[in-house]
Amino acid sequence: MARQSVQAPLRGGERFDVDRITTRVRDALGEARYQAEFERGSTLAPEEHLPDPLP
């Protein structure tokens, strides 16, 4: 979403990794849950994604 908002597409190598990881996550969660979580994540502020990553 951040790259979309500034119209900065991923480079080729990054695109492959993102597509590979997205496919695995989508397969693990199922399409409906993946879409719901993707939409929820796109509304969060950066600090809300990992509220306290390092205790």
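Worth pointing out:
- In order along segment 42-50, the Karplus-derived 3J(HN,Hα) couplings, from 6.51 cos²θ - 1.76 cosθ + 1.60 at θ = phi - 60°, round to 6, 9, 7, 6, x, 6, 7, 5, 10 Hz, and Gly and Pro are given as x.
- Rounded to the nearest whole Hz, the Karplus-based 3J(HN,Hα) values (6.51 cos²θ - 1.76 cosθ + 1.60, θ = phi - 60°) of segment 16-29 follow the sequence 4, 5, 4, 5, 5, 5, 4, 4, 5, 5, 4, 5, 6, 8, with x at glycine and proline.
- Label separation (E31 vs A45): 3.5 nm, computed from points 7 Å beyond Cα along the C-beta direction.
Every number in this text was worked out from the coordinates using simple rules, so none of it is lab data. Nothing here was measured: the structure is a model prediction, and the numbers come from that model. Counting neighbours? That spans all protein chains shown, and the Cβs are built from the backbone with ideal geometry, glycine included.
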